[in-house]
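Reviewing the structure listed below.
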Amino acid sequence: MTDGSEAGKEEFFKSVSSMFNQWEKFLGDGKYLTGHDITYVDFMFYANLDFYRLLHATILDEYPILNAFHTRIKNLPEMQEYLNFPKFRKWPIISPLAKFGGEGPEPKHA
């Protein structure tokens, strides 16, 4: 993506669809990335999916397996404790120097 415009964002999100399709296939009917045992990589993957979701509210809607994974991790009791911690900040997600995601108002769907 070369700019932070809405058109640039849409172009970027269209370009990730093949990657999301690959992740859908990889997860398949597994509960976590390695099957049924959670690892730290699941949290890293969750964070990445959440970044996409914050930047585009409905991006996971087309990917039911990724959406279910995101929801599963988010709803873990320990994750809820972390997300509800008073010092937790969900916005901005990256440096203010970034083209998008680094400044401006927090998305309403955050």
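The values are calculated or read from the model by the stated rules, or taken from the named source; none is laboratory data. Worth saying up front: this structure is predicted, and the values here are computed from it rather than measured. In this analysis, Cβ positions are derived from the backbone assuming ideal geometry, glycine residues included, and neighbour counts consider all displayed protein chains. Just so you know, the surface numbers come from the protein's heavy atoms only, side chains and all, with ligands and any DNA or RNA stripped out. Shrake-Rupley method; radii C 1.70, N 1.55, O 1.52, S 1.80 Å.
Some observations on this one:
- Once the stretch 49-64 is narrowed to residues that are among the hydrophobic types (A, V, I, L, M, F, W, C) and buried (at least 18 other Cβ atoms within 10 Å of the Cβ), the residue that is farthest from Q22 (Cα to Cα) is L54.
- The stretch 30-48: number of residues that are open to solvent by less than 70 Å² (accessible area, probe 1.4 Å) and touching a residue at least 24 places away in the same chain (Cβ under 8 Å): 4
- Test: residue in the stretch 28-41 that is assigned to a helix (DSSP H, G or I), acidic (D, E) and either at pLDDT 95 or above or more than 12 Å from the chain's Cα centre (by Cα) (or both): no
- When Q22 is tested against (1) outside any loop (DSSP other than H, G, I, E, B); (2) open to solvent by 80 Å² or more (accessible area, probe 1.4 Å); (3) closer than 21 Å to K108 by Cα, just one condition goes unmet, and that condition is (3).
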